[in-house]
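Some notes on the structure that comes next.
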Amino acid sequence: MPTPYQRILIIKPSSLGDIVHGLPVLAALRKTWPTAHIAWLVGDSFAALLEGHPLIDEVIRFDRRRYGRLLRSPRTLADFARFVFALRRRRFDLVIDLQGLFRSGFLAWASGAPQRVGFAAARELAPLFYTRRVRCAPAAVHAVDRNLQIAAALGAGPAAPEFPLHVPPHELEQARNKLAAAARRELGEFIAILPAARWPSKLWNESHFANLIERLAADGRPTCVLLGAPSEAGIAQRITAACKAEVVNLVGRTSLPQLVALLELSRFVICLDSGPMHIAAALNKPLVALFGPTNPRRTGPYSPQAHVVSRALPCAPCYRVTCPLGHHVCLEGLLPEQVLSHIQNLPAGHATLTAAR
């Protein structure tokens, strides 16, 4: 029988995709300990994804940027001390560190919880703070399955991963209103396009996106809607300006829950390797994802509805933020017509990891 934990803390501050990968752990914990108080420590930027979630009793916001300046400001150091004391007062009996870095390991230890669990192979000396170190599967295993190994080690683990995403009704309504206002009419079906990613090496040519949208319009497909964060507005504006077909640009104009809602409402999703891609996969939306410098078998969309398009190259995956060879051929070599051919196969019955010729 699993230990009857009463107060559980999940530490996973970032990033967006990694938080989505942690949701199956949350679902497994709640099934195993239905009456436990479950809290999630998350970065301010991503808290809206978890706040109001029916499986979470408490969301603890963590200001990573501010607390990263501890030694530069006595006031920040004092604030961090108060944060830690408040964490200890919650008296968690189990802390699960899914982040696996020094900072998250330290917070697990500072919580005072008698049971602190994390990966034995966690980085930055984080395992020193754990009372239990879980040996993880080989690196080729997907991040979702690796996370679930911790749940299984604790006696919690469903037969199949569940991704419980929650959108408050008012956010769904606002998402619909923003879409109608931007399109200047009520849209029925639409295609969601996520044209940006955090790494420059993960970006696809903006003119390719514009050309793909034009081809979709010529093929009689639904209107394309661009979605993303405010920092990605420039990319979306350039794609919109270059595109001769109708395109609705909502990049930077939605909250995170509204972005989730619009992905749920979409007919299918076209995306790069990004956090919102993982949301679309968690929603089980048909999607086509373009991969270059990263390995989709480790961090690709975890969904039977996903088509991953990549090129079989000796230099890929390189896991570099910028192309070390200066040519970016892994994504530059993917043409709109190749992506379109995969779109024509949606929805997929099984995940497909395809090397483009």
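Only the coordinates and a few stated rules stand behind these numbers; no lab work does. The shown structure was predicted, so the numbers you read here are calculated from the model rather than taken from an experiment. Note that each Cβ is placed from the backbone with ideal geometry, even for glycine, and that neighbours are counted across all protein chains shown.
Before moving on, here are some points about what is shown:
- For segment 18-35, backbone phi angles converted through the Karplus equation (6.51, -1.76, 1.60; θ = phi - 60°) give residue-by-residue couplings of 5, 5, 4, 5, x, 4, x, 5, 4, 4, 5, 5, 5, 5, 7, 10, x, 9 Hz, Gly and Pro being listed as x.
- Mean Cα-pair separation over length for the chain, i.e. relative contact order, pairs under 8 Å, 6 or more apart, %: 15
- Here the chain is assigned +1 on the Cβ of each Lys and Arg and -1 on the Cβ of each Asp and Glu. Its dipole about the Cα centre then comes out at about 1180 debye.
- Net charge contributed by nearby residues that have their C-beta within less than 9 Å of residue 90 (K/R +1, D/E -1): +3
- Gaussian network model of the chain, Cα within-10 Å springs - most flexible of 124, 264, 51: 124
- Straight-line reach from residue 31: taking Cα to Cα under 20 Å and skipping same-chain neighbours fewer than 8 places apart, the aspartates and glutamates in range are 51, 57, 58, 93, 97, 145, 162.
- For residue 334, residues with placed amide H under 5 Å, excluding near neighbours: none
- Counting only alpha carbon atoms, the long axis of helix 143-153 and the longest principal axis of the chain meet at about 30°.
- Straight-line cross-link reach from residue 285 at under 12 Å between alpha-carbon atoms covers these aspartates and glutamates, not counting any fewer than eight positions away in the same chain: 264.
- 3J(HN,Hα) from dihedral phi, segment 160-173, Karplus parametrisation 6.51/-1.76/1.60, rounded to Hz, x for glycine, proline: 10, x, 10, 10, x, 9, 10, 10, x, x, 5, 5, 5, 5
- If you take the Cα centroid of segment 263-284 and the Cα centroid of segment 1-63, the two points sit 21 Å apart.
- Scalar couplings 3J(HN,Hα) for segment 293-299, obtained by applying the Karplus form with A = 6.51, B = -1.76, C = 1.60 to θ = phi - 60°, are x, 10, 9, x, 6, 9, 9 Hz; x denotes Gly and Pro.
- Among the GluC sites (Glu not before Pro) within segment 167-250, those in coil by DSSP and having at most 14 neighbouring Cβ atoms inside 10 Å are 186, 189, 246.
- Among (i) 21.4; (ii) 22.1; (iii) 22.7, the entry derived from the coordinates for Kirkwood radius over Cα pairs in Å: (i)
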